[in-house]
Structure formats: structure tokens, C-alpha cells
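Just below is one structure, and these are the notes that go with it.
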Amino acid sequence: MTVAPQTIDVPPSPSRWSRAWDNLSLVFASRIATVGLVIVLLWLVLGIVSLFWTPYPPNSSLFTQNLMPNSTNWLGTDHLGRDILSRLMAGTQVVLLKTRLPGENGWVIPGGVAVWGVIGALFFGSVLGLNAGYRGGWWDQIIMQVLDALVAFPAIVLYLVIITAFEQGDLVVVFAITVTGTPGIARLVRSLALDIKTRDYIRAAETRGESPSYIMFREILPNARGPVLVDATLRVGYAIFAIGTLGFLGIGLPPPDPDWGSMVNDARRFIFVFSWGVIPPSVAIASLVIGLNLFADGMREELGRYQK
Amino acid sequence: MTQPSAPILKVENLAVAYKVRGGEIEAVQNVSFDIHRGDSHGIVGESGCGKSTVAWAIVNFLGANGYVKRGSIKFLGQDLVGKSPEELRRLRGDQIAMVFQDPMQALNPSMRLGDQMKEVLTVHRGISESEAEDRCVDMLQRVYMPDAANVMRRYPHQISGGQQQRVVIAMALLNNPALLIMDEPTTALDVTVEAAVLDLIAELRREFDTAIMYITHNLGVVARVCSQVGVMYAGEMVERASVERIFAQPQHPYTQGLIRCIPTLGEDKASSALYPIPGRVPPPNARPAGCIYAPRCDYAQQRCRDERPALRLLADGVQVRCHFTEEIDPGQWTPPEEVEEMVETVNGQADAATPASTNNGKPILELHDLRKYYPVTGGSLRDVLGLGEKRFVKAVEGATFSVPKGSTLGIVGESGCGKSTLIKTIIGLEDSTSGQARFMSFDITEGLSERNMALIKELQMVFQNPDSTMNPSYTVGQQIGRPMVRFGTVPRSQVRDEVIKLLQSMRLGANYYDRLPRQLSGGEKQRVGIARALASRPDLILCDEPVSALDVSVQAAILNLLLDVQREQNTTMLFIAHDLSVVRFFSDNVAVMYLGQIMEIGPADAIYRPPYHPYTEALLSAVPIPDPTVKQKQIRLEGSVPSAVDPPSGCRFHTRCPRRKLLPDDGAICTRETPPWQEAGDGHRIFCHLPLETLASFDPVVESLATH
């Protein structure tokens, strides 16, 4: 009698590229995520274009004041006679693409205020959440009590306190977003860490005598990545909202660069004379936030399906 | 067997498909069987072969994306396929009942049991509240629920798992259904509880006029409760016969392979071998064109690869899906060479070192009176303020034993008996409360943070759950390589080669190096888990149920692999399992634990023969044996395991001990005094008041074991 060979047919292991494509195709599997991504990409592209070219200089009063949309000014002009479309495009920069450093030399770093604010929250939230979740006990008590106390302040009051304590500036807004975003992310990371630390591979790491920081950052954090990134995407949306709110209150990003919140605030003062002015920046804020939300929601759904 | 003409359930050419992203998957194909009144039809197969899907198709629980693609399901003459959801719902409640695996999920935790049961009658039958109450109590008594009237007023969490399953079964029987579908009803239960539930099911079959469809992966359970058996493989039914025929003369090569790869109670590694089935079950979208079993079949010929066999009726009502079944003689079967080789060497080794318990002599691990208590915080104000009496869960109590180098100590016991805690204490995931523990020359009473790297390196662990044993974010190679880097056993530049060498010794190819865990099957993950434990070349490996989550054919391969490792590297192992047959097969010495206390310890063959502890006796009589002809004594424990916070005084087992009556005063001494350790020779110790002569006079639980 012949004996079947002991070999098992195995598919070849996938390359880095095909893995990346797998992740990307996850986005397109969800219609919601695709729509969200398209909206976000639209604004990103507009922002990048504005770095090199806008229809007119965004800060110069070249036209008649308070014009409705027409063939020269596609979205009309504001109360100082500046082209709204150009200002809208340039307004994307401070939110998503560049952060101005303090000082006279006008240096900027890539990545917008909203993005850096969320990255900051992601960093502090992850560190605090991992320590609270993995170490437990007093670590957990102290970290979470402090963060809870922070959450107890209304976000808008926190913004006001932080910005008045320091001075107006991009980095201060980044800091404000970081402070208000950290508790939420820490809470999420903590709950994920509490779950992941019960898995056997964490026991295996412990029985190898790994240090707590290795276990937290190398064993737990990579597996918490999915939900945390989805949450971070949502938070970029909230941060854009917050920047809009601050701009509206007049304590947002400093001039001269246009930002959407300040545009709404400026137009508000003339709302009974020229009501069109508030609409383009409001729609811009809303659409970018909705885009990010749709993207995050779709991703969450797909990730959940894959984990099943 | 005389059977009435019309079957209760007749399934013909059933195919069930699930719609998934990018097409659909036929989970079940060409399944035909019928169940008659009073029959108990078993459906066995490994996980993912479509057993549950068949059951769900019958009750139309396929979910939003599943549907019956072809075939018919005739229930009492009516075709269920194509019926409206409303009609099916009425049928389900009235004529078809289903019992699921986990009773805790089948019962509503926020409703009293009585109300849940009565609802069945008041909703489907329109019976008045008070009459329903009476009938429910009556039914609970019929399933041997103690204190039935009282149980009606309780909530699900207030009764034990075995009792919950009794309630679920009683509930299923309330409407006197024509068909009772049971989907792994005892898989989540402990072996002693399982035995009692199986007794109940076997009795119901005789008493009620119900057709039972019994789904399970456990051949031992099938042998105990079924009259007919259908074996499923990769979505098809490959063999169908009476239970005696299946075990005595399995026809299909798959059934033969399945029976060869489970250890029967009483077999050990020196006298027998397990023969795993090579390869793995093909996923539903990659099934071969010919016979689905052909790629793994030892007898496959060209015709098997080209043409799919039909389910043929042989003489004596046996149905089999194989072209060449008449030509196959299981007696002529030759095991694959490598397994054969292994058996020879293991045999040789065992011969050289008899008795097994003294091989290599020197103990590597010594425990003396090791205890592990967990503090419990009470809910009262005194406890919160720290004024109340300190209470402890006594998870491990007075563990004393030594393990000789190169041998395996098996630890058995029901869930919650402290076997995992014992292992965690030894490896240092928990620090011990008191007692001494020495490993080689190291003191190991402290937790991991107090231990030095040289010690940590020598103790490694293999885990139970293949899905959580590997970190999903890292490749196989990274995970096996990490201990090598961490302990510096291999220079960094050679880690890759060393990992590949290790992978090959686990029978995984070098191409597994870059795989992520989600691309592996359960058995492969477990192999990687073993490789990772071996990477630091430890002297002691602690295995916490390494095979209990795996299918039997994979289980055999993993057990062989562990034996292989032990033979080559002379590794010492502690092996936890709840399956007594597996422990018997794998271990040189066995310890039986109950409620944190070791009740009996000694060489494996001595444990499974009188004299034994009354608890061991009860465990052995509960093991489902995959052979319907074996006679097994029925010893069933009453009640449930007491709480470890207040363990019973004296002997911890006295509340449930069926042998206590043999002592004067109905065993009053057992309630008062801690039993002595009685030496039964050859390192065999029993923790019991009963004199050794009495223990030795018990009849063996399983007949074949005595002669073995």
C-alpha cells in the first residue's frame, strides 16, 4: 500500500507590498470608508495645491467687498474684498498641512495643528493608558483619577484656560488639543490593554522575563493599533471642530494665515448684511469632519469584521 | 433493529451555502440522512466540517448570509425548505427543540428559571400559568434535578453548569418535541458532570419517544449515547452506520484514521502510538475535485482524484462514500515510517528504564507543602475597611511531589481544581504563599520578577488556546527568535538559521518563517507555540492543556511532537489535561487534584488500576470511551465542587465521596481529620482514610484496563 507523503501544500508567504495592498483594499471594501476617504483626500489635495498656487493671493483685498459667487470669484468675496475660495484653500494648510513655530523667522513644520494635536494626544494617551491597563493597581488608580479630573472640566473652558495662560499661537492650540484628547485615548488604550494582557502571548512574554515596557509597547500596543487609529481619525475631526470653535471665539490660530474658524467669525459680524459669507467656511469644516467620521466609521466596521 | 416506516427527519442531498464577500461558500454538500423515532443519531467530525451548519439548516438559523442551496429537509413528511419564517418559528417552538453547547448562553440570566420554562408552555401551547408550573416541576424531576420546586425560583447563576444544562434539556423536552437537536451539549462541562448529563440523555432516549440528533466531535461520547452515527468530513457525510459497526469495522479511510488517532483509556506511549492524519481539512473554497479526502488518504488512487464518490449502501445498512472501501483492509494498514520509528525508540527507552518513574533518577523539580492562597475581598463594610476576617481562596494546598529529570508528570482534575494555579506558581506567574519549591538548585517560591535570567530560561510554558498563544502582530520567525535573542542562547546572526532548524523539527517548513499567525491553522499555531517554548532550550516545559482545543487528528500530531522533543532533548514536562486518556498516554507519573489538593500521585499505570482514590475512581468511570462494547462502572458524584474559599473540613472530598460509607460511622473521620498519605509502593501515594486493602478490593472501573 502506498503511503501519502507528509507534505502539506502551503501558499507562498505574501510580500510586504501585497500586505499593504490588503490593508488598503480594506478601505475600499466599505463604501462608507471610501466616500470618507474621497472627501478627506479632496481637501488634502486642495491644501497641497494652495501651498503653490491659489486663484488669487488669499490675504490681499483685490476685489469689491461682499460679492456673491461669480465667474471671477467662484465663491464670492468677504468683507475685506478677499477671494473666499483662495482663503478656503489656504485655510486647509494650518489645519492639516503646516504648523507655524513661534518666533519672527516664520519657520513651519509639516503636519497641521489638528494632526499634531492628535499625535500628541495619541502619544500621551497610549503611554498613560498602557501603564494604567497593564500595571493596574495604584498606577491605574492614580492615572485614571487624574485623567477623570481633567475630563470633568468642559473642553471649551480648558481651551480658554490654556490659551489665555500662554499666548495665542499654533503650538498652544496643538497643546490644547493634546490635553483635551489625551483622557479619551488613554481610556480606550487602557480598556484594550486590559483585554490584551489576559492573552497567552503576554504570559509567554512574562515567562521570558521581558520588562514591563517591552510588554506594553512591543506586545500590547501593536495589537491595539486598529481601534486606536480609528479613534485617532475621529479625533482629527473633533480637533478641526475645536480649531473652528477657537477661531470663532477669536482666540484660535493667529493671523495672518486664514483659518476656517476665523473666517466664520469674521463673516458672522456681517451676517445681516451679507449672509453668504459664513456658508463656505462652515461647509468646509463640516465636510472635512464628516469625511473623517465616515472614514473612521467604515474602517471600524471593516476591522471588526476581520477580527471576527 | 426494527424501525417504523416514516422517519421523523429525512435530509436529502442537502447543500448549504454562505454568501461572503466575493462569492459564496458551500459549507455543506450532499448530506443525506434520516432519523427515526427513538433513534439517537450522532453526527461526528472535526471542527469546520459542517456539523452545526446541518443543524442550523434544519431549524433555519443560518443567519442573514446562509441559505439552503439544494436538497430537501423533510420533517414529519413536510419539506422545511421554502417555508415562511412564521411557520418555521411555530414548528421550532413546538416540534423541534435544540440544546446548545453553553447552557449559560441558552438561559436568560435576568429571568427566573421557572419563568423561562413556563414561557415555553404558555406561549406555544396556551397552557394556564398554574398548570405550566406543575408540568415544569414535573419535567425537572424527570431530568433528576434535586429540589425541583426550589430551582424554579432561582436564577441561572445560582445553579451549577451541569444543572443548567439539565434545565435546558428539560426546557427542550417540555413540548414533547418530535426531534431534539443537541449541538455539543456536554463539551463545555467537566468530565464528571458530562457523564451524568450523558446518562440522562441515554435514558431520555429510551423513555421519551423522541428522535435525537446529536452533534459532537468526541467519539467517546458518540459511543455512549448514539445508536446511529454519521461521520462528516469537509462538508460531506463520508460514512453512516450503526454505532457498533462504526467502531468495530470502520469502512471509510477517514473514520479509520480518526479512530487510530485517539488514545483509548489505558494506552500508554510505551505500548502504543497515535497515528495522526497527515495534512489538514481543506477550506470549503479549495476542496479537491475528486474525493474530498483523497489528498490525505493513504489509499488514494487516480480514480479518487478524478471522480467524486457517491454515498453507497453496503450490506448491513452501512453507507460509505469511498470508491474502494471493499478493497481496504484496516488490518493491513502500515503506519507512516516516521511515526513507526518514533514508537520504536520510545519503546526502547521505556524498556531500558523500568520502572518508568525512576528513569534518570535524579529529581529536577521538588515541591514540599507548596501553597497558593488568593485573598478575597468581601462586600461588607467591615471588609472594605479591612476589619473583617481575612479570607482566602485556597487554590493550591500542600502540594508535595518531585519530578525526575526527563520524565513527564501529568496533572488531572476538573476545572477549578487548581492545576493551572499550580503550574503558574511553579513558573513564577504567581508567587507562592508558603512551602518550599526547588528547581535544580534554584529556589522557585518567588514570582518571576525576583528570578534571575538563568532560571527563567530553564522554565518555559506551552499554552492551551492556539488562538491566543501567538502575538497576532509578529511573524512566526520573529516570535520564535525572540527568546533566542532575549536569553542570548544563539548569536544574533544565526538566529534565523536556528529558527528555521527549529521550525523543521516541528515539521513546519522554512517558508513559515514570514507567516503571520492569522495565516496558520490551530495545530500549526500550537507547533509554533511549542517551538517558542523550546527556543531557549529549557530543562522543564510546563504544558497547560496543549491539545484540548485541537481536533483529534491534530492532537495526535502534537502529542507525537512533544514525545519526540522529550526523547531527543530529555526534557522534563509537566502536562495538564482534563482528558484522562491523553494523560495516561503521555505521562510517566500522574497526579490527581481535587479542590487544590493532590489526592493521589504515582506511576501512570498504577493510578489507573486499583487501589485508587475514590475520586480517581469516579473520574475514570466518567471518561467517555470510544468503544461501545467496553463495560464501565457507573459511579457518579453528587452535587458540585464546593467553594475553595471554605473547603470542606477533614478530607476535602468527603462531601461527595461515594466510598465514605465503607468507614465506620458513615465516615465520620473524613469530616474531622485530614487523611494520611498512604504508600501503595513504587512512589504511589493515596490521600485517603480508607485502608489500602479496601481501596485495592474495588473492582476496576473499566474492564479492559484490568487485563491491560
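The values are calculated or read from the model by the stated rules, or taken from the named source; none is laboratory data. What you see is a predicted model, and the numbers here were worked out from it, not measured in a lab. Note that we place each Cβ from the backbone using ideal geometry, even for glycine, and neighbour counts take in every protein chain shown.
I want to confirm something. Restricting to segment B:449-478 and keeping residues that are aliphatic (A, V, I, L, M), out of contact with any strand residue (DSSP E or B) (no Cβ under 7 Å at 6 or more places or on another chain) and over 21 Å from B:Ile576 (Cα atoms), which single residue is nearest to the other protein chains (Cβ to nearest Cβ)?
First, the residues of segment B:449-478 that are aliphatic (A, V, I, L, M): B:453-456, B:459, B:461-462, B:470, B:476.
Filter once more, so that each one left must be out of contact with any strand residue (DSSP E or B) (no Cβ under 7 Å at 6 or more places or on another chain): B:453-454, B:456, B:470, B:476.
Still in the list and also over 21 Å from B:Ile576 (Cα atoms): B:453-454, B:476.
Working: B:Met453: 6, B:Ala454: 10, B:Val476: 9 Å.
Among them, the one singled out is B:Met453.
Identify, by number, the condition in (1) more than 9 Å from chain A (Cβ to nearest Cβ); (2) assigned to a strand (DSSP E or B) that B:Val499 doesn't meet.
(2)
Kindly check whether there is at least one residue in segment B:532-539 that is in a loop (DSSP other than H, G, I, E, B), in contact with a Pro (Cβ under 8 Å, 6 or more places away or on another chain) and either farther than 23 Å from A:Lys197 by Cβ or more than 9 Å from every other protein chain (Cβ to nearest Cβ) (or both).
So far as segment B:532-539 goes, yes, one or more of its residues are in a loop (DSSP other than H, G, I, E, B), in contact with a Pro (Cβ under 8 Å, 6 or more places away or on another chain) and either farther than 23 Å from A:Lys197 by Cβ or more than 9 Å from every other protein chain (Cβ to nearest Cβ) (or both).
Checking the structure you have, find out if any residue of segment B:171-187 is under 29 Å from B:Ile625 (Cβ atoms) and touching an Asp or Glu at 6+ places or on another chain (Cβ under 7 Å).
The answer is yes, given that some residue of segment B:171-187 is under 29 Å from B:Ile625 (Cβ atoms) and touching an Asp or Glu at 6+ places or on another chain (Cβ under 7 Å).
Against the definition (away from every other protein chain (no Cβ under 14 Å) and either in contact with a helix residue (DSSP H, G or I) (Cβ under 6 Å, 6 or more places away or on another chain) or at pLDDT below 85 (or both)), how does B:Leu258 come out, yes or no?
No; evaluated as a whole, the condition is false for this residue.
Between a residue in segment A:208-229 that is under 30 Å from B:Leu540 (Cβ atoms) and at the interface with another protein chain (Cβ under 10 Å from one of its Cβ atoms) and any residue that is among the charged types (D, E, K, R) and in a helix (DSSP H, G or I), which pairs come within a Cβ distance under 6 Å, given they are 6 or more apart or on different chains?
What qualifies is A:Arg208/B:Arg486.
I'd like to verify a number: residues in segment A:197-207 that are more than 29 Å from the chain's Cα centre (by Cα) and more than 7 Å from chain B (Cβ to nearest Cβ), how many?
Number satisfying all stated conditions: 3.
Which residue, of B:Pro288, B:Pro278, is within 14 Å of another protein chain (Cβ to nearest Cβ), within 20 Å of B:Ser521 (Cβ to Cβ) and surrounded by fewer than 19 Cβ atoms within 10 Å (Cβ to Cβ)?
B:Pro288
Would you confirm whether or not segment A:199-220 contains a residue that is under 18 Å from A:Arg135 (Cα atoms), at pLDDT below 90 and small (Gly, Ala, Ser)?
Yes: segment A:199-220 contains one or more residues that are under 18 Å from A:Arg135 (Cα atoms), at pLDDT below 90 and small (Gly, Ala, Ser).
Quickly run through segment B:566-588 and pick out the residues that are over 22 Å from B:Arg609 (Cα atoms) and in contact with a strand residue (DSSP E or B) (Cβ under 8 Å, 6 or more places away or on another chain).
The answer is B:Gln566, B:Thr571, B:Thr572, B:Met573.
Kindly establish whether B:Gly126 is among the small types (Gly, Ala, Ser), in a helix (DSSP H, G or I) and within 30 Å of B:Arg154 (Cβ to Cβ). Give the derivation first.
Details: among the small types (Gly, Ala, Ser): yes; in a helix (DSSP H, G or I): no; within 30 Å of B:Arg154 (Cβ to Cβ): yes.
Judged against the criteria, B:Gly126 is not a match.
So B:Pro295 clears everything in (1) in a loop (DSSP other than H, G, I, E, B); (2) within 14 Å of another protein chain (Cβ to nearest Cβ); (3) touching a Pro at 6+ places or on another chain (Cβ under 7 Å) except one condition, right? Which one?
Here B:Pro295 clears every test but (1).
Is there a residue being in contact with a strand residue (DSSP E or B) (Cβ under 7 Å, 6 or more places away or on another chain) and of a type in the set (Val, Ile, Thr) anywhere in segment B:108-126?
Checked segment B:108-126: no residue is in contact with a strand residue (DSSP E or B) (Cβ under 7 Å, 6 or more places away or on another chain) and of a type in the set (Val, Ile, Thr).
Taking segment A:258-282 only, how many residues are assigned to a loop (DSSP other than H, G, I, E, B) and buried (at least 22 other Cβ atoms within 10 Å of the Cβ)?
Residues that pass the stated criteria total 2.
Going through segment B:651-666 one residue at a time, which ones are buried (at least 17 other Cβ atoms within 10 Å of the Cβ) and either more than 31 Å from the chain's Cα centre (by Cα) or not in a helix (DSSP H, G or I) (or both)?
Result: B:Cys651, B:Arg652, B:Phe653, B:His654, B:Thr655, B:Arg656, B:Cys657, B:Arg659, B:Leu662, B:Leu663.
So B:Thr489 fits all but one of (1) closer than 27 Å to B:Leu365 by Cβ; (2) surrounded by 17 or more Cβ atoms within 10 Å (Cβ to Cβ); (3) of a type in the set (Val, Ile, Thr); (4) out of contact with any strand residue (DSSP E or B) (no Cβ under 8 Å at 6 or more places or on another chain); what number is the exception?
Status for B:Thr489: all satisfied but (2).
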